[in-house]
Amino acid sequence: MSQPLPLAPRLPLADGATIPQLGYGLYKVPTRDAARLSLDAIALGYRHLDTAAFYGNEREVGEAVRAAPVPREELFITSKVWKDDNGYDSTLRAFDASMERLGLEQLDLFLIHWPVPSTDLYVDTWRALIRVRDEGRVRSIGEANFHAHHIERIVGETGVAPVVNQVELHPWLPQQELREFDAARGIRTEAWSPLARGRVLHEPSLVRLAAKHGRSPAQVVLRWHIELGNIVIPKTSSLDRQRENLDVFGFALDHDDRAVIAALESGARTGRDPDDD
Ligand SMILES: NC(=O)c1ccc[n+]([C@@H]2O[C@H](COP(=O)([O-])OP(=O)(O)OC[C@H]3O[C@@H](n4cnc5c(N)ncnc54)[C@H](OP(=O)(O)O)[C@@H]3O)[C@@H](O)[C@H]2O)c1
């Protein structure tokens, strides 16, 4: 096993918990590889794993957490309720099923995966998350794929704000307005597809920036996220890339670099617009 890297810093959440700023994302990590890759990530220095009922690998993530040579309280585990289970009772059932698969006493963060405005169930879903948090079965609650108006609605109807808003965010879609909205309300913005599923890494200006720093394009993009204050959860099925993606705390971007990355904004999404569901 290769040498571990320095740990990512932990950022405070509005509810008093802390979250490692860089984690390992497990979407499309095949079930058969998920336990091994989670353990590899932990051995390298990752302390944050992002799974979901939809990813089909919660059981393997739980196995890795139990097998890891790291105390449970140092690890931060996120899961999510899938959109088919939005609604109060169905979310409570989905949470129980996730916890059974994970085999954990307490989850660190549980998220609504998508608001699905067409079914209008996300406020009820949010009430269920508040309940499992109040019962102590999850430490922190938040949502994914919410626009500002969805957040305003759940806060308006329940008085409880999410501590994390996990959204698609990368150089093509920097989400500045939403990041400012979140920051003004003490909500941490977490970037999913932080590398735009790897597609943004071929941009010639990023390749040049990477050469300037003697780093890879992925490291430059992840460093940009870190300096913006985003939480990031890059996915890879390669051990070398797991190492590369965590090794972003030993260099810094300058004003010109930030201007190069800002020029890449196109509004392009790799996933759906949350309002279209
Ligand atoms: N809440 C949501 O709705 C939502 C939606 C999507 C994702 N997520 C979360 O966010 C995580 C990350 O998003 P994502 O998996 O969609 O995309 P991503 O992390 O932006 O990109 C992953 C892709 O980039 C490649 N890659 C990773 N590191 C690389 C490197 N250093 N150099 C070159 N290529 C690299 C990977 O290929 P290899 O595997 O071949 O290395 C993979 O194809 C997910 O795993 C999941 O946990 C959440």
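Under the Karplus relation 6.51 cos²θ - 1.76 cosθ + 1.60, θ = phi - 60°, what is the ordered set of whole-Hz ³J(HN,Hα) values for segment 257-269, x standing for Gly and Pro?
4, 5, 5, 4, 5, 4, 5, 7, 4, 10, x, 5, 9
Counting Lys and Arg as +1 and Asp and Glu as -1, each charge on the Cβ, what is the dipole of segment 202-277 about the Cα centre in debye, to the nearest 20?
Its charge dipole is roughly 360 debye.
Run lengths n ≥ 4 of DSSP H only: what is the helix-derived mean residue ellipticity at 222 nm for the chain, with -39500 (n - 2.57) per run over all residues, to the nearest 500?
Rounded to the nearest 500, it is -12000 deg cm²/dmol.
Who wins for biggest fluctuation among Glu63, Glu190, Glu100 in a Gaussian network model of the chain, springs between alpha carbons below 10 Å?
Glu100
Could you order the peptides 201-209, 168-176 from most to least packed, using the average number of other C-beta atoms within 10 Å per residue?
168-176, 201-209
With a 10 Å radius around each residue's Cβ, average the other Cβ atoms per peptide and rank 263-269, 180-186, 137-143, highest first.
137-143, 180-186, 263-269
Would you list which lysines come within 20 Å of Lys28, measuring only between C-alpha atoms, while excluding same-chain residues fewer than 8 positions from it?
Partners found: Lys80, Lys83, Lys235.
What percentage of the solvent-accessible surface of the chain, computed with a 1.4 Å probe over protein heavy atoms, is contributed by carbon and sulfur atoms?
Carbon and sulfur: 49 percent of the exposed surface of the chain.
Take the alpha carbon gyration tensor of the chain, find the square roots of its eigenvalues, order them as a ≥ b ≥ c, and report rounded if a/c is under 1.5; if not, report prolate when a/b exceeds b/c, else oblate.
oblate
The values are calculated or read from the model by the stated rules, or taken from the named source; none is laboratory data. All figures in this text were calculated on a predicted structure; none of them were measured in a lab. Here the Cβ is made from the backbone with ideal geometry for all residues, glycine too, and neighbour counts use every protein chain on show. What goes into the accessible areas is simple: the full protein's heavy atoms, side chains included, and nothing from ligands, DNA or RNA. Shrake-Rupley method; radii C 1.70, N 1.55, O 1.52, S 1.80 Å.
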